[in-house]
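This report concerns only the one structure given below.
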Amino acid sequence: MEGILITFEGGEGAGKTTQAELFKNYLTEKGLSFFATREPGGTDFSEAVRALTKDIRYSNKSVISELMLFEAARADIVEKCVKPALAEGKVVIMDRFYDSTTVYQSFGRGLDRGMVEQLNMVAAQGLVPDLTVYLKISREEAFSRKGGADKNDAIEQSGDDFHERIRQGFDILAKENKDRFLVVDSTQSIADVFAQITSAFEEKYKNKQKGK
Ligand code: Z5A
């Protein structure tokens, strides 16, 4: 069986990393082999690009440059790790994927959506997630968890209007892609959020085994 791709999406502090970590433990307990990564990141090159995207010294870089950085990081991890892991039948867990690019660089920064989505497909080599977990939370609530925006992070410092467009952008993508999006109210307890994720995964996994 071809592997299964599950992505975690949402604004900052929504709980993506927390849930992705729990999900890894769950897969280990179930005896399913997996590959997990974050985006941008996961290879030496993509981690170096990640540092560039966050570096406050370059916060005035052009928006197209920012887009290209995310796509460059993606192209590397997809080619070297994600595609091979899926071909080996593994579960692939991604803490952010191209829905973040559509939302942050198009809805957030204002780049043409068609152009962004075309580049997403090039960098992702046409992959489409089987399941996208969208952890939904207000910016205020997320910041109260995290203790505010990181002063040294170029994207976190992009302002309230930008982050409101991010929230709206994820809502729009969720409505447009109901077949793969699971929207979870991330103000619930960590355990309650996790239970909804594993239930959706088990359903997807069963269908994949049946070849659906
Ligand atoms: N970006 C982009 O612009 N374009 C792209 O194409 C891609 C990314 C791929 C990556 O940042 C940045 O790059 C991101 C988008 C942009 N920028 N922003 N802004 P990142 O990966 O460093 O940061 P993040 O994705 O925003 O993640 P985060 O801040 O690490 O948040 P998180 O992973 O969603 O949350 P967490 O670390 O799991 O949880 C935050 C805290 O809340 C922590 O203390 C938890 O213990 C707590 N928590 C989690 N869940 C709960 C619940 N349910 N209840 C109570 N407390 C909880």
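Tabulated data for the structure shown
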read-out: Every pair of residues 6+ apart whose Cβ atoms lie under 6 Å, when the first sits in segment 161-182 and is within 13 Å of the ligand (Cβ to nearest atom) while the second is at pLDDT below 95 and assigned to a helix (DSSP H, G or I); value: H163/R139
read-out: Some residue of segment 32-43 being in contact (Cβ under 8 Å) with a residue 24 or more places away in the chain, touching a Cys at 6+ places or on another chain (Cβ under 8 Å) and among the β-branched types (V, I, T); value: yes
read-out: Near pairs, Cβ below 7 angstrom, 6+ apart or cross-chain, from segment 71-93 (more than 15 Å from E47 (Cβ to Cβ)) to any residue that is part of a helix (DSSP H, G or I) and among the basic types (K, R); value: I93/K24
read-out: Residues within segment 69-88 that are touching a strand residue (DSSP E or B) at 6+ places or on another chain (Cβ under 7 Å), of a type in the set (G, A, S) and within 13 Å of the ligand (Cβ to nearest atom), tallied; value: 0
read-out: Output for segment 117-135, where each listed residue is surrounded by 18 or more Cβ atoms within 10 Å (Cβ to Cβ) and more than 9 Å from the ligand (Cβ to nearest atom); value: L119, A123, A124, L127, P129, D130, L131, T132, V133, Y134
read-out: Helices (runs of 4 or more DSSP H) completely within segment 137-212 that count 1 or more residues being surrounded by fewer than 19 Cβ atoms within 10 Å (Cβ to Cβ) and under 16 Å from the mean Cα position of the chain (by Cα); value: 160-176
read-out: Flag if E2 is among the charged types (D, E, K, R) and surrounded by 14 or more Cβ atoms within 10 Å (Cβ to Cβ); value: no
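Residues are listed down the side, and each one gets a yes or a no for (1) of a type in the set (F, W, Y); (2) over 24 Å from G114 (Cα atoms); (3) within 10 Å of the ligand (Cβ to nearest atom); (4) at pLDDT 95 or above:
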residue	(1), (2), (3), (4)
G13	no, yes, yes, no
T28	no, yes, no, yes
T43	no, yes, no, yes
T53	no, no, yes, yes
L67	no, no, yes, yes
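The values are calculated or read from the model by the stated rules, or taken from the named source; none is laboratory data. What you see is a predicted model; the values in this text were computed from it and never measured. Because the Cβ atoms are built from the backbone with ideal geometry, glycine has one as well, and the counts that use them run over all protein chains shown.
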